[in-house]
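Chemist: Once you've had a glance at the structure underneath, I'll fire off some questions.
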Amino acid sequence: MKVGFDAKRFFNNFTGLGNYSRFVIGALSENIPENEYFLYSPKVKNHAELNAILDRPNIRIVKAPSIYSNLKATSLWRTWGISREESVKELDVFHGLSQELPVNLPARVKKIVTVHDLIFIRYPELYNPLDVFIYKAKVRAACRQADKILATSIQTKSDIVDFLHVDHEKIDVVYQGCHPSFKRKYSAAEIEKVKTKYELPASYILNVGTVEERKNVLLVIKALSLLPTDKQSYLVIVGRQTKYKTRILEEAQRSGIGDRIIFLHNVSFADLPAIYQGAQVFVYPSIFEGFGIPIVEALESSVPVIAASGSCLSEAGGPGSIYVNPSDEGELAEQLKKVLTDGELRTQMIASGKNYIEQFQPKAIAGKLSGIYQK
């Protein structure tokens, strides 16, 4: 079977959608080696993160003709030009990995699109209005064109049905795994070295993700301030910062815990697994997500998880994690105190999480994707 992918983000993005693209293509090319995988991208970067995948004999790279780059029209090639590439005629399946598909793909080529979330429809006030218009137009067109839609969670499937009025039978749920580096167990010395590099305390609560209002880190600040003084751990927040950071710092200062909040920006991805493994507990109180990959990263890192109820975070965290009302700092404070002080509970949560995330391993997800392609 010959499978094509829009691989722009595979080559050029090293967070969210790029990580998903590399996970899917890496899992398939390793575990279903008999297929050929065509990666269509306007630009191709050399990056250590890509080499293990690109060196496999079943990978084919198709770049945009230079005229598109010269005219700064690579987005036009992704929308219209990919379908004109000669190799597309040989494909059995084309899989759009980031909520869009090229137009005018040959009728014989089966079309699949992954939809990660529709947060821009549910909470349009969090986005630029022009971006909302563009995102909606692309995902609507892709869902109309696709023979099969893949949602990254049951919550996202429900949103596609509700907001885009798509027949639920057209949608399959296929979860996403995390980067293999999180599977490696770091030694105490390696973790200590990373802590020293970033000037981290011996013990801390961890939160990872863009520092924005939807991620709801303000709830953690309020909860920490409610803990007894001897239980007030440090909070390490890793992620791109926005103006929401100011509100977090103001609340922390007002609550008297300003000296316990540590922001890390531009953390090396190579250091991130050790930062996870050095944490006492991972807290992810996001109001709404399409899935919640940082939760999977934490579980893979053997860290207990407390997350918010009300969206799909329980799909990522499983039955062994703890879920709290995303507007109740008292409930979060109570659960933090339990996890920080009860060693037996921590052990149970870690073991349950490890068992739960077996379904997110590359071999399992590659098998599910391959089955959908074959069908």
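The values are calculated or read from the model by the stated rules, or taken from the named source; none is laboratory data. Values in this document were obtained by computation on a predicted structure and should not be read as measured data. Neighbour counts are summed over all protein chains in view; Cβ atoms, including those assigned to glycine, are modelled from backbone coordinates with ideal geometry.
Chemist: Give me a count of the residues in the stretch 308-320 that are modelled with pLDDT of 95 or more, closer than 21 Å to Val174 by Cβ and buried (at least 22 other Cβ atoms within 10 Å of the Cβ).
Modeler: 3
Chemist: Given (1) within 22 Å of Val161 (Cα to Cα); (2) at pLDDT below 95; (3) hydrophobic (A, V, I, L, M, F, W, C), identify the lone condition not met by Cys143.
Modeler: So Cys143 meets the others, but not (2).
Chemist: Hey, among Glu169, Glu199, which residue is assigned to a helix (DSSP H, G or I), out of contact with any Gly (no Cβ under 7 Å at 6 or more places or on another chain) and more than 24 Å from Gly81 (Cα to Cα)?
Modeler: From the options Glu169, Glu199, the qualifying one is Glu169.
Chemist: Okay, next question. (1) buried (at least 24 other Cβ atoms within 10 Å of the Cβ); (2) touching a Phe, Trp or Tyr at 6+ places or on another chain (Cβ under 9 Å): which one isn't true of Met349, the others all being true?
Modeler: Every listed condition holds for Met349 apart from (2).
Chemist: Then there's this: Please go through the stretch 190-208 and pick out each residue that is among the basic types (Lys, Arg) and surrounded by 15 or more Cβ atoms within 10 Å (Cβ to Cβ).
Modeler: Lys195, the sole residue that qualifies.
Chemist: Next question. Would you be able to say whether some residue in the stretch 131-138 is surrounded by 18 or more Cβ atoms within 10 Å (Cβ to Cβ), at pLDDT 95 or above and among the β-branched types (Val, Ile, Thr)?
Modeler: There is no residue in the stretch 131-138 that is surrounded by 18 or more Cβ atoms within 10 Å (Cβ to Cβ), at pLDDT 95 or above and among the β-branched types (Val, Ile, Thr).
Chemist: Additional query: Residue check: is Lys193 assigned by TED's automatic domain parsing to the domain that holds Val267, farther than 20 Å from Ser268 by Cα and charged (D, E, K, R)?
Modeler: No: the conditions fail for Lys193.
Chemist: Sticking with this one: With respect to Lys111, determine if the residue is outside any strand (DSSP E or B), buried (at least 17 other Cβ atoms within 10 Å of the Cβ) and of a type in the set (Lys, Arg).
Modeler: no
Chemist: Conditions: (1) closer than 30 Å to Leu105 by Cβ; (2) under 20 Å from the mean Cα position of the chain (by Cα); (3) at pLDDT 95 or above; (4) crowded, with 21+ Cβ neighbours inside 10 Å. Ile154 meets all but one. Number of the miss?
Modeler: Failed condition: (4).
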